[in-house]
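Participant: Dropping the structure in here first, questions after.
The values are calculated or read from the model by the stated rules, or taken from the named source; none is laboratory data. Everything quoted here is computed from the prediction, not taken from an experiment. Reconstructed Cβ throughout: ideal geometry from the backbone, glycine too, with neighbour counts over all protein chains shown. All accessible areas refer to the heavy atoms of the entire protein, side chains included, with ligands and DNA or RNA removed. Shrake-Rupley method; radii C 1.70, N 1.55, O 1.52, S 1.80 Å.
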Amino acid sequence: LRQELDGFSREDVVLAAGESFALCSVVGKVERGAPVVAAGTSNIGSGVLSDVDLGQAAELGAYSLACIGVASNAGTFAVFTPSGLRLADAVVGAPYVSPHLAFTLADGETDFAVGDSFTVTVPAGSGKYKMLAPDAVDGTQHAAGITIAAYDATLADVRGVIVNGLAKVFGELLAWPDGITDTQKTNALADLAALGIKTCTGV
């Protein structure tokens, strides 16, 4: 690190088990947990929603699906984000993929009826920190800070300190995950800049 603003740049955090962190590791925060599916209590159809995966645009809160069209062994569901944005409709029996969610909506012995529904709730994550993971969907795809020391969390969570705002750092000292691309580094540096962390070149 080159410069910090006392009292505003650092935060005590928990670094998640399973990794070791070098000095100046770029880390991300686990902001989203595993999705939870619930069928509407008054559903007529016996089909199920399964194989749910989050996308990188997933929002915290409850996604809602409502049947708007019916057919024998089929059907169409409107899909809404927690913030109320309508996504592409889901078709029963066809894989559904979007930047928010991916899932399978399968037909059951009894066909769906208009008004049948499901919710997919995306809970808050653990709030722990991991190495930046550009392909992740739990929030760690975004750079959220830089470790001020080396930490060994390979066997258990450890407490540590990160810089997560109002600082200037030597870019060449940053420790990145293996395999990161130049484009992913550029995106991560933009995340850090948005936090108030600027990078510079050492002399």
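Participant: Restricting to segment 8-56, name every residue that is surrounded by fewer than 16 Cβ atoms within 10 Å (Cβ to Cβ) and acidic (Asp, Glu).
Facilitator: The answer is GLU11, ASP12, ASP51, ASP53.
Participant: Confirm whether GLY165 is touching a residue at least 60 places away in the same chain (Cβ under 8 Å), farther than 30 Å from ALA38 by Cβ and either part of a loop (DSSP other than H, G, I, E, B) or open to solvent by less than 60 Å² (accessible area, probe 1.4 Å) (or both). First the steps, then the outcome.
Facilitator: Working: touching a residue at least 60 places away in the same chain (Cβ under 8 Å): yes; farther than 30 Å from ALA38 by Cβ: yes; either part of a loop (DSSP other than H, G, I, E, B) or open to solvent by less than 60 Å² (accessible area, probe 1.4 Å) (or both): yes.
Criteria met by GLY165.
Participant: If I go through segment 57-66 residue by residue, how many of them are among the aliphatic types (A, V, I, L, M), open to solvent by less than 60 Å² (accessible area, probe 1.4 Å) and more than 16 Å from SER117 (Cα to Cα)?
Facilitator: Quick first cut of segment 57-66, residues among the aliphatic types (A, V, I, L, M) only: 57-58, 60, 62, 65-66.
Imposing the further condition that a residue be open to solvent by less than 60 Å² (accessible area, probe 1.4 Å) reduces the set to 57-58, 62, 65-66.
Of the ones still in play, those that are also more than 16 Å from SER117 (Cα to Cα) are 57-58.
Residues in segment 57-66 being among the aliphatic types (A, V, I, L, M), open to solvent by less than 60 Å² (accessible area, probe 1.4 Å) and more than 16 Å from SER117 (Cα to Cα): 2 in total.
Participant: Kindly provide the set of residues from segment 173-203 that are touching a helix residue (DSSP H, G or I) at 6+ places or on another chain (Cβ under 7 Å) and assigned to a loop (DSSP other than H, G, I, E, B), ordered by number. Break it down stepwise before answering.
Facilitator: Filtering segment 173-203 for residues touching a helix residue (DSSP H, G or I) at 6+ places or on another chain (Cβ under 7 Å) gives 176, 199-202.
Residues satisfying the conditions are TRP176, THR201, GLY202.
Participant: Right, next: Filter the strands (runs of 3 or more DSSP E) completely within segment 80-149 down to those with at least 2 residues that are open to solvent by less than 20 Å² (accessible area, probe 1.4 Å) and either farther than 22 Å from ASN43 by Cβ or of a type in the set (Lys, Arg) (or both). Explain how you work it out, then say what you get.
Facilitator: On the way: elements: 95-97, 101-106, 117-122, 129-131, 145-147.
Per the criteria, 145-147.
Participant: crowded, with 17+ Cβ neighbours inside 10 Å and modelled with pLDDT of 95 or more: is that true of THR183 in this structure?
Facilitator: Numbers: crowded, with 17+ Cβ neighbours inside 10 Å: no; modelled with pLDDT of 95 or more: yes.
Considered against the rule, which asks whether it is crowded, with 17+ Cβ neighbours inside 10 Å and modelled with pLDDT of 95 or more, THR183 comes out as no.
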